[in-house]
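Taken together, the values in this text are just the output of simple stated rules run on the coordinates, not laboratory data. As the structure is a prediction and not an experimental result, all values here were calculated from the model. Quick reminder, even Gly has a Cβ in these numbers, built from the backbone with ideal geometry, and neighbours come from all protein chains shown.
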Amino acid sequence: MTWDYPNPFAIPAMPQAQDIDGLNHTNNAVYVQWCEKAGWAHSEALGLTLQDYQRLDRAMAIRRGEYDYLLPTLLGEPLTLATWMLAGSGKLTMERRFQLVRDRDQVTVLRGRWDLVCIELSSGLPRRMPPEFCDVYLSAVVAP
C-alpha cells in the first residue's frame, strides 16, 4: 500500500449493514469510530492502555479532529486504516494522523488528523506528559 508516512500501525475495517446510511454508503460517523478504535489499538500496541491512563491520572485527549472524506465506501468493502503519531509542541501536545485505504485498488478514501493534548484526568486541565507517555509516544513519532 502507498502510505502517507512510513511504518503505519494498521487495522482492517469493513462496513457492516448497520454502518450504511441513507445514501447507501458508510456513514461518516463510522469513520470517526474506526479512527478512535485504531488510536486505542495503536496506543495499546505501544504499551499504554486505558488502565495506564487511569493509574497515571493522565490522558492524551482530542482537542481537535479533522476528517477529509475523499470517496465513499460500501457494504462489505475491505479497507485498511493506518495511523501514526507526529510530533507536537514539546511534552504537552501531539498529533495523530489517519489514512483509510480501499484494499481492492489501494485508493485513499479518508484522511484524518487529531490534535492531542495531555490532560490530568482528575481535573481535565492540560498537564505535561508523564515520563511513561514520553517514553512510549515520543519514540513512536514519525517525521512528516
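A few comments on the model shown:
- From Trp3, Trp84, Trp34, residue being surrounded by fewer than 18 Cβ atoms within 10 Å (Cβ to Cβ) and aromatic (Phe, Trp, Tyr): Trp3
- Scanning region 88-144 for residues that are over 18 Å from the mean Cα position of the chain (by Cα) and basic (Lys, Arg) turns up Lys91, Arg104, Arg127, Arg128.
- Each residue in region 55-112 was checked for being charged (D, E, K, R), under 18 Å from Val32 (Cβ atoms) and touching a helix residue (DSSP H, G or I) at 6+ places or on another chain (Cβ under 7 Å), and 1 of them qualify.
- Residue, farthest from Leu75 (Cα to Cα), within region 103-120, restricted to residues that are crowded, with 19+ Cβ neighbours inside 10 Å, in contact with a Leu (Cβ under 9 Å, 6 or more places away or on another chain) and not β-branched (Val, Ile, Thr): Cys118
- Some residue of region 37-58 being farther than 19 Å from Val142 by Cα and assigned to a strand (DSSP E or B): yes
- Given (1) more than 30 Å from Gly76 (Cα to Cα); (2) of a type in the set (S, T, N, Q); (3) crowded, with 18+ Cβ neighbours inside 10 Å, index of the condition Ser123 fails: (3)
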